[in-house]
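Participant: First the structure, then my questions, so here it is.
The values are calculated or read from the model by the stated rules, or taken from the named source; none is laboratory data. In this text the structure is predicted, and so the values were computed from the model without any measurement. No Cβ is skipped: glycine too gets one built from the backbone with ideal geometry, and neighbour counts run over all protein chains shown. Side chains included, ligands, DNA and RNA excluded: accessible areas come from the protein's heavy atoms. Shrake-Rupley method; radii C 1.70, N 1.55, O 1.52, S 1.80 Å.
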Amino acid sequence: MTAVTAGHTILAPNTELAAALFEAVERAHRDAGRDVWPTPRVRDIGSWLREKHVGRQLSDAVLPRVLGDIEERELWRAVIDSSDTGRDLAEPTGAARAARRAHRAIHEYGIPLRVIAEHASATEESRAFLDWNGQFTERCRHLDCISADELLDLTPPPAEPVTWIESPVWRPMARQWLQRHGRTLPPPASRAPRTACRLRSASPAAELAAMADWALANLRSSEKFRAWICVPDLNLRRAEVVDAFDAALAPRRFTLLPETSGNAPYAVAGGTPLAEFAPVRAALETLAASLGPVPFERFSALLRAPEQHASAAEAGAAALLDVQLRRQGPSEADLAGWLALADRIAAAHGLGLAALQRLSGALAALENMRGTHPISRWVPAWIAALELGPWAQRHRWSSAEYQAAERFRELLGQLATADAFFGTHSRGSAQSILRRAAHDTAFQAQTGVPPIWVSGQLIDPWLNYDGLWVGGCNDQRWPPQVMPIPLLPVRLQRDFGVIAAAPESQLQFALDLQKRWAACGRECVFSFADPGDGRSAAPSPLLPEAGAAASPALPRPHWRALLETQPTLERLTDEVAPAFAAGERTRGVSTLRAQSRCAFRGFAETRLRCDRLERPLPGFNERERGELIHHALEHVWSVLRDSSTLLSMSADAQAQLLDDGVMRALAKQCRVRDPGPRWRQRERERMGNVLRKWLDVERRRQPFAVEQLELASQAARHGGLEFTVRIDRVDRLSDGSRVLIDYKTGLAAVDWRGERPDNPQLPIYALLHSDALVAVAYGRVNAAECSFIAEAERPALFKPNGRKSPLEGMPTLAALIDVWSQRIENLAADFAAGRAAVAPTVHACKSCRLHGLCRVPAALEDAADSHD
């Protein structure tokens, strides 16, 4: 406070410590009762050096410009992509990150390039780095710019007084510069008694739960409690950390919308990629969709994105439109095509959807510019498109979303000021740069520095805290493992004092940090966790022996623990739905098929309308291919009418008939959904081959005539309910008996037998046309095999060497039909009465998609697997 009051600039080694210092100074002013005070000059050294350089440029125009983070990343990427070595790399982006880190290290540790060159003969990686570094330097010279790593060497002694906090995080060159030009500020002393302990948890999740419980307990005991918590692998477990701390410190976030839950008393340092925030994600997805073909899945996500809708009703309309697009839309199209199709379908179904107009406006704003332009020309077009499209509902954003969108605007502004660096680009390449920049830029919404600060950095927090917790302190990770900087010789790194390059320096670093931690926190906890796979972890030998304990905490979210401790409740399994009402409708054979396989499935699919969403595929899907075959065969047999005409037909006449049938079927189907001329032609050829094989099977049958073909929908009454059915074909044999046929274009098997048949379709059809019926059959019509699968009381009905079916032990098909009648009546009566027990047949669960709704026990699924 003395240094701040005297007008000194306080320098910290990174933004995290600078933010903590700034907040501590602000809090001290408030605690002193002041209402107004000068803004503290607390900076991290990187931003301070940039600020000084920009100030000098105002008076010295020949100074080179400092590359921004985005520019530097793109420049390293361009260097590696264009180099001979980079062309052979599988991951050039990772190589660019490694090269940038090595470049920073040589400036931070003062490693001369000539020394690297002397060691480079031993390692191929070092030779590659020297080549890349030379190209990077040459390009910087050509662009008249420098990297931020070089600022320290070019910064003269500061005119204002500078004070820097003493920390082991400082790199050697920065420490030497500060020692020459500034005053050291040691950590504040504290007279409070210190306690230290170590804690063992049963799993990594339990360790996070223990941290959150500890923070909650201390906050409840003291409103002024402040703590610093270190989770070394925070970058890999950020979502788990947030869930654990939310469960303890902000449980309302599990039940309320973020904008109504208030600020949590903790914050997680480091930030997440800017592209992961909703407004930015929606912006990038909209821009990406405007280029080239868009798969259905991407357009569906864009259409249903919450950012696109002004109300729940509009979001519901988008979901209904999505269902129709799944049935009628192609597998991919450009955005204009999707919007036109969606607009037609929405109008046909009376779905008012303003999101379609917003997306159309965004696309129009982007299409106004074509060709190649500087990024500064693309940025206004992008902003106009976003304002018309995904950002039109920004009044509904939360504070964090608004801040993320503003940071994205700043990012666009940075790109717009770098035309000299980026040059001209097409819209596609310019958006690629924007997308990479958004993914590489970390962002954290500003909510102030809360009482609990969670960090992923192994640093000295410098300030005094009421509590300090460091996790992951097992014998494998503390001291930290040796992790040399890639692309630089390891021996050279050790010679120049790179801490992570040698076990000895890592040990000394750990000892120094642990001593500083113990001095910073009144209560200091060191924790470690068992891996959770049955093995035990051992504590680091550096940890204090006193106060060792095991954590009683359970993994969070906390509602899991509450669920385990809930009182015993009376269980009631309700397996009976209300009786079928007069206004309800069945789904024909599908209802009884589902009821037979599992009563709950019959109830859910028919009465709850739990349909499986379709997914548009390239070409025609299985359902559409089945309908095409049905339509084509309907035309073929409407012309042929009997087997004698088929046997007398010439090959050319048959080919013409089949082609006519195929073309009629395609025309009819494509009025609903047209996948395009390429797929129509492929399907035309496929269907021609399949139908030709099928007619060869029909020729081997006993003489017949087609009596009824694709009958109009008929009503079958069972159990007091009406089921609408449509029979494909009924043939009349020479003696007046009849055969009933249903086409199957997929898998087909004898699935109509037993008390609970997998598919009672043929028995239901037989009950409608039982007069003189001697056989029911599936006509399997597909490219793999064409054949009849039948229940027939006469041998050789479908093949010369055929045999009589078992008929389930009945003497005639008529007797079997009587058995079928009772089965169907029982199934229909159960459905009408509302019986909905979860009782699947052996293989029913394999074709069901309702597991999340019925909660079928794992034992039933295992039993089904054992019968395979």
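Participant: What are the residues in the range 98-123 that are at pLDDT 90 or above, among the β-branched types (Val, Ile, Thr) and in a loop (DSSP other than H, G, I, E, B), if any?
Facilitator: Passing the criteria: only 111.
Participant: Pairs needed: first member in the range 412-429, under 14 Å from residue 383 (Cα atoms) and in contact (Cβ under 8 Å) with a residue 24 or more places away in the chain; second member anywhere, open to solvent by 30 Å² or more (accessible area, probe 1.4 Å) and in a loop (DSSP other than H, G, I, E, B); C-beta distance under 8 Å; at least 6 residues apart or different chains.
Facilitator: 427/291; 427/369; 427/370
Participant: On the basis of being out of contact with any helix residue (DSSP H, G or I) (no Cβ under 6 Å at 6 or more places or on another chain), open to solvent by 20 Å² or more (accessible area, probe 1.4 Å), in a loop (DSSP other than H, G, I, E, B) and farther than 27 Å from residue 705 by Cβ, does residue 802 make the cut?
Facilitator: In short, no.
Participant: Has the range 516-529 got at least one residue that is at pLDDT below 90, open to solvent by 70 Å² or more (accessible area, probe 1.4 Å), small (Gly, Ala, Ser) and within 30 Å of residue 463 (Cα to Cα)?
Facilitator: no
Participant: Mind checking which residues of the range 502-515 are without any contact (Cβ under 8 Å) to a residue 24 or more places away in the chain and crowded, with 18+ Cβ neighbours inside 10 Å?
Facilitator: 502 - this is the single residue of the range 502-515 that is without any contact (Cβ under 8 Å) to a residue 24 or more places away in the chain and crowded, with 18+ Cβ neighbours inside 10 Å.
Participant: Any residue at all in the range 116-128 that is touching an Asp or Glu at 6+ places or on another chain (Cβ under 9 Å) and either hydrophobic (A, V, I, L, M, F, W, C) or surrounded by fewer than 20 Cβ atoms within 10 Å (Cβ to Cβ) (or both)?
Facilitator: The answer is no, given that none of the residues of the range 116-128 is touching an Asp or Glu at 6+ places or on another chain (Cβ under 9 Å) and either hydrophobic (A, V, I, L, M, F, W, C) or surrounded by fewer than 20 Cβ atoms within 10 Å (Cβ to Cβ) (or both).
Participant: For the range 290-308, give me each residue that is assigned to a helix (DSSP H, G or I) and small (Gly, Ala, Ser).
Facilitator: Within the range 290-308, 300, 301 meet the criteria.
Participant: Now a separate question. Could you look through the range 169-199, keep only residues that are hydrophobic (A, V, I, L, M, F, W, C) and assigned to a strand (DSSP E or B), and pick out the one that is nearest to the chain's Cα centre (by Cα)?
Facilitator: Here the residue is 199.
Participant: Of everything in the range 397-412, what is part of a helix (DSSP H, G or I) and open to solvent by less than 30 Å² (accessible area, probe 1.4 Å)? Give them in sequence order.
Facilitator: Within the range 397-412, 404, 405, 408, 411, 412 qualify.
Participant: Among what's in the range 1-46 and is of a type in the set (Lys, Arg) and either over 13 Å from residue 449 (Cβ atoms) or in contact with a strand residue (DSSP E or B) (Cβ under 8 Å, 6 or more places away or on another chain) (or both), pick the residue that is least open to solvent (accessible area, probe 1.4 Å).
Facilitator: 43
Participant: Moving on to the next point. Checking the structure you have, find out if any residue of the range 240-250 is in a loop (DSSP other than H, G, I, E, B) and either at pLDDT below 90 or surrounded by 13 or more Cβ atoms within 10 Å (Cβ to Cβ) (or both).
Facilitator: Scanning the range 240-250 turns up at least one residue that is in a loop (DSSP other than H, G, I, E, B) and either at pLDDT below 90 or surrounded by 13 or more Cβ atoms within 10 Å (Cβ to Cβ) (or both).
Participant: Considering only residues that are of a type in the set (Phe, Trp, Tyr) and outside any loop (DSSP other than H, G, I, E, B), look in the range 742-772 and name the one that is nearest to residue 821 (Cα to Cα).
Facilitator: Going through the qualifying residues, I end up with 765.
Participant: Considering the range 439-484 alone, what residues qualify as being open to solvent by 10 Å² or more (accessible area, probe 1.4 Å), more than 23 Å from residue 213 (Cα to Cα) and charged (D, E, K, R)?
Facilitator: 440, 475, 477 - these are the residues of the range 439-484 that are open to solvent by 10 Å² or more (accessible area, probe 1.4 Å), more than 23 Å from residue 213 (Cα to Cα) and charged (D, E, K, R).
Participant: Does residue 37 count as of a type in the set (Phe, Trp, Tyr) and either part of a helix (DSSP H, G or I) or within 27 Å of residue 417 (Cα to Cα) (or both)?
Facilitator: no
Participant: Residues to consider are 751, 818; find the one that is surrounded by fewer than 21 Cβ atoms within 10 Å (Cβ to Cβ), over 48 Å from the mean Cα position of the chain (by Cα) and charged (D, E, K, R).
Facilitator: Testing whether each residue is surrounded by fewer than 21 Cβ atoms within 10 Å (Cβ to Cβ), over 48 Å from the mean Cα position of the chain (by Cα) and charged (D, E, K, R) leaves just 818.
Participant: Name the single residue, out of those in the range 179-196 being more than 30 Å from residue 159 (Cα to Cα) and open to solvent by 30 Å² or more (accessible area, probe 1.4 Å), that is modelled with the lowest pLDDT.
Facilitator: 191
Participant: Return the residues of the range 673-692 that are in contact (Cβ under 8 Å) with a residue 60 or more places away in the chain, within 13 Å of residue 783 (Cα to Cα), surrounded by 14 or more Cβ atoms within 10 Å (Cβ to Cβ) and not hydrophobic (A, V, I, L, M, F, W, C); say none if nothing qualifies.
Facilitator: 683, 686
Participant: Please give the number of the condition residue 65 fails out of (1) under 36 Å from the mean Cα position of the chain (by Cα); (2) in contact (Cβ under 8 Å) with a residue 12 or more places away in the chain; (3) under 27 Å from residue 431 (Cα atoms).
Facilitator: All conditions pass for residue 65, except number (1).
Participant: Out of the range 695-741, which residues are modelled with pLDDT under 90 and part of a loop (DSSP other than H, G, I, E, B)?
Facilitator: Correct list: 710, 711, 712, 713.
Participant: Within the range 615-672, restricting attention to residues that are acidic (Asp, Glu) and assigned to a helix (DSSP H, G or I), which residue is least open to solvent (accessible area, probe 1.4 Å)?
Facilitator: 624
Conditions (1) open to solvent by 60 Å² or more (accessible area, probe 1.4 Å); (2) under 30 Å from residue 670 (Cα atoms); (3) in a helix (DSSP H, G or I); (4) touching a residue at least 40 places away in the same chain (Cβ under 8 Å), marked per residue:
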{"position": "288", "(1), (2), (3), (4)": "no, yes, yes, yes"}
{"position": "310", "(1), (2), (3), (4)": "no, no, no, yes"}
{"position": "313", "(1), (2), (3), (4)": "yes, no, yes, no"}
{"position": "316", "(1), (2), (3), (4)": "no, yes, yes, no"}
{"position": "325", "(1), (2), (3), (4)": "no, yes, yes, yes"}
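Participant: Here are some conditions: (1) at pLDDT 90 or above; (2) part of a loop (DSSP other than H, G, I, E, B); (3) open to solvent by less than 90 Å² (accessible area, probe 1.4 Å). Residue 585 meets all but one. Which one does it not meet?
Facilitator: (3)
Participant: Considering only the range 47-77, state which residues are open to solvent by 50 Å² or more (accessible area, probe 1.4 Å) and not in a helix (DSSP H, G or I).
Facilitator: 58, 59, 60, 61, 62, 65
Participant: It is to be established whether one or more residues within the range 695-716 are under 30 Å from residue 331 (Cα atoms) and touching a Phe, Trp or Tyr at 6+ places or on another chain (Cβ under 8 Å).
Facilitator: no
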